[in-house]
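Notes for the one structure printed next.
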Amino acid sequence: MADEWINIALRFAVYMDLGTTFGVSLFGVYALRLDSRSPPIAQRYARVVAAGALVGIMLSIGAMAVLAKAMSGADSYGELNSNTFEMIISETAVGIAWSVRLLALAACVGLAMSKLRIVYRLIGSAALSALALATMAWSGHGAMSEGAQGYVKRPGFRGGQLV
């Protein structure tokens, strides 16, 4: 029962973090207008986006550990091994979505901290954090449905392959 609450809390925290990361990067693009007068402020936004993406990575890793424990039926986290994680990540829609999320967040961190013009960093970060946020739909109720209903709920996945 405690693991269920941990799973719910982690999932909520991931949603909040990804939504905030996306919102901050999009706000940086839209509201600041990113003209030549605002680079110091925009730099702060880029740092917040990078920090949010890093927190998202850590929360997602924690959520995967809780999911692996629940799916494997292990009594403790110490019983989990690499084979369990490998199977979940490579053979389930949740695992594929998790992998896409981590790749998008890692790219978001790299882009936000790069030396590109700030407008490109924030636009790219907004796109990457939107992708990371979208992966949450692939691991929720949309991942629970089979057949045609599952295809409708999981746009982008067909037969376990990203299209």
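Looking at Met113 and the list (1) open to solvent by 40 Å² or more (accessible area, probe 1.4 Å); (2) free of Cβ contacts under 8 Å to residues at least 40 places away in the same chain, which single condition is not satisfied?
(2)
Scan Leu67, Leu59 and give me the residue that is at pLDDT 90 or above, assigned to a helix (DSSP H, G or I) and of a type outside the set (S, T, N, Q).
Leu59
Conditions tested, residue by residue: (1) within 20 Å of Ser139 (Cβ to Cβ); (2) surrounded by 15 or more Cβ atoms within 10 Å (Cβ to Cβ).
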position: Tyr45; (1), (2): no, yes
position: Gly52; (1), (2): yes, yes
position: Ile57; (1), (2): yes, yes
position: Glu79; (1), (2): no, no
position: Met87; (1), (2): yes, no
position: Val94; (1), (2): yes, yes
position: Val109; (1), (2): no, yes
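Could you please tell me which pairs satisfy a Cβ distance under 8 Å, a separation of 6+ or placement on different chains, a first residue in the stretch 77-106 that is touching a residue at least 40 places away in the same chain (Cβ under 8 Å), and a second residue that is charged (D, E, K, R)?
What qualifies is Ala93/Arg154.
The values are calculated or read from the model by the stated rules, or taken from the named source; none is laboratory data. Keep in mind it's a predicted model, so treat the numbers as computed, not measured. Positions of Cβ are generated from backbone atoms using ideal geometry, with glycine treated the same way; all protein chains shown enter the neighbour counts. Side chains are part of the model used for accessible areas, which takes the heavy atoms of the whole protein and leaves out ligands, DNA and RNA. Shrake-Rupley method; radii C 1.70, N 1.55, O 1.52, S 1.80 Å.
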